[in-house]
Amino acid sequence: MRQLTYDGMPIPGLNDLVRTAIRLHPAPGEPRPDESHLGGPLLWPSDEPWPECPVTWPPDPDASDDAWKSGHRLDGPVPVMVSAAQFFRGDFPELPFPEGTDVLQILFCPMEHDSPRHQGPAVRLVWRDSGEVEHIADPPPAPEEADAALLPVPCVFEPCSIDELPRLCDFPPETRAALGIPEGAGDDPEGWPELGQYSKIGGWTAWSATERADLDCRECGAELRQTIALATEEHEVGCGCEVTEGEPAGWSFHRRGVLNVFTCPADVTHPFKVRID
């Protein structure tokens with residue numbers, strides 16, 4: 001990696017800051033339930049109830065984020081969730097699959113919900129063993145009141161890998177101390193590689209529209225790690241792939257941003273957090 005500096009000083013441990021992300025390069029398609037995708041049919045067992053929005057009032061402490069406020073009537077029927085994404089271990093071994101699972105399913109309640117950090121869909125993660133699914137359920141229709149901007153177009157992936165460096169706000173404390181970076185400083189070093197907006201697995205968070213959020217695990221205190229990013233727009237940055245970018249999934253998150261999912265590195269089943277940036 002080329003030498004990068006901060007205020008003329010070499011950055012110690014630069015190579016240790018590199019994270020390899022998997023760019024998804026979603027493209028409209030017709031995925032099957034046994035394939036990885038955005039917005040396509042899920043490998044959901046017919047004998048398991050289809051999930052409903054996890055947001056209740058008062059907020060459920062086991063919901064996807066703290067202090068959600070519902071985007072729908074709380075005295076009416078609870079909306080069903082819709083398929084947002086599905087990832088199989090065979091396609092994306094980089095994901096932190098718990099032992100005995102080989103597929104991650106992400107579902108949205110397709111309405112705006114308010115939290116202290118952002119507005120967006122309520123989110124549910126499901127880790128399962130695909131071998132235990134004997135019969136696949138037909139998904140129910142999306143709620144009539146669903147926000148069309150949160151209903152994705154089914155997409156398949158053309159993934160590639162890309163190395164990323166963090167924004168200054170994500171530098172570890174020892175690096176900031178060694179460089180004498182003052183508290184509250186937020187400008188990246190001159191010539192620092194850009195973190196674009198694109199859907200990916202892993203990597204670093206761009207923090208392009210919001211300040212870095214509290215990412216401590218509510219259960220064990222470990223710092224949560226960027227796991228999934230689902231972007232409104234797929235920017236042509238960094239990887240050099242000849243893939244048409246734009247808005248293939250058709251969804252649009254708050255401020256046309258990126259919906260980031262952070263999970264606990266100690267135990268991925270601990271409560272996760274969602275931040276739209």
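Does P139 fit the bill of being under 28 Å from C53 (Cβ atoms), assigned to a loop (DSSP other than H, G, I, E, B) and within 23 Å of the chain's Cα centre (by Cα)? It is true that P139 is under 28 Å from C53 (Cβ atoms), assigned to a loop (DSSP other than H, G, I, E, B) and within 23 Å of the chain's Cα centre (by Cα). With respect to the stated conditions, P140 is in contact with a strand residue (DSSP E or B) (Cβ under 6 Å, 6 or more places away or on another chain) and surrounded by fewer than 16 Cβ atoms within 10 Å (Cβ to Cβ).
With respect to D170, is the statement that it is of a type in the set (D, E) and without any contact (Cβ under 8 Å) to a residue 60 or more places away in the chain true? So D170 fits the description; yes.
Just one of the numbered conditions (1) under 30 Å from L14 (Cβ atoms); (2) touching a Pro at 6+ places or on another chain (Cβ under 9 Å) is not true of F108: (1). Taking residues in the range 17-37 that are touching a residue at least 24 places away in the same chain (Cβ under 8 Å) and at positive phi, and partners anywhere that are basic (K, R) and surrounded by fewer than 21 Cβ atoms within 10 Å (Cβ to Cβ), not one pair has Cβ atoms closer than 8 Å while being at least 6 places apart or on different chains. So is S252 under 22 Å from H37 (Cα atoms), in contact with a Pro (Cβ under 8 Å, 6 or more places away or on another chain) and either at pLDDT below 95 or of a type in the set (G, A, S) (or both) or not? For S252, the condition - under 22 Å from H37 (Cα atoms), in contact with a Pro (Cβ under 8 Å, 6 or more places away or on another chain) and either at pLDDT below 95 or of a type in the set (G, A, S) (or both) - is not met.
Filtered by the rule that a residue be outside any loop (DSSP other than H, G, I, E, B) and not β-branched (V, I, T), the range 228-266 gives A229, L230, A231, E234, G246, H254, R255, R256, L259, N260, F262. The one condition from (1) surrounded by 18 or more Cβ atoms within 10 Å (Cβ to Cβ); (2) under 25 Å from L24 (Cα atoms); (3) modelled with pLDDT of 90 or more that L215 does not meet is (1). For the range 1-17, the set of residues classified as part of a strand (DSSP E or B) and not β-branched (V, I, T) consists of Y6, M9, P10, listed by residue number. Within the option set G203, G221, being surrounded by fewer than 18 Cβ atoms within 10 Å (Cβ to Cβ), not hydrophobic (A, V, I, L, M, F, W, C) and not in a strand (DSSP E or B) holds for one residue only, G221.
Over 30 Å from W44 (Cα atoms), assigned to a loop (DSSP other than H, G, I, E, B), at pLDDT 90 or above and out of contact with any Pro (no Cβ under 6 Å at 6 or more places or on another chain): is that true of P166 in this structure? For P166, the condition - over 30 Å from W44 (Cα atoms), assigned to a loop (DSSP other than H, G, I, E, B), at pLDDT 90 or above and out of contact with any Pro (no Cβ under 6 Å at 6 or more places or on another chain) - is met. Taking the conditions (1) closer than 16 Å to R32 by Cα; (2) outside any loop (DSSP other than H, G, I, E, B) in turn, S161 satisfies each one other than (1).
The values are calculated or read from the model by the stated rules, or taken from the named source; none is laboratory data. Here the structure is a predicted model, which is why all the values come from computation and not from measurement. Quick reminder, even Gly has a Cβ in these numbers, built from the backbone with ideal geometry, and neighbours come from all protein chains shown.
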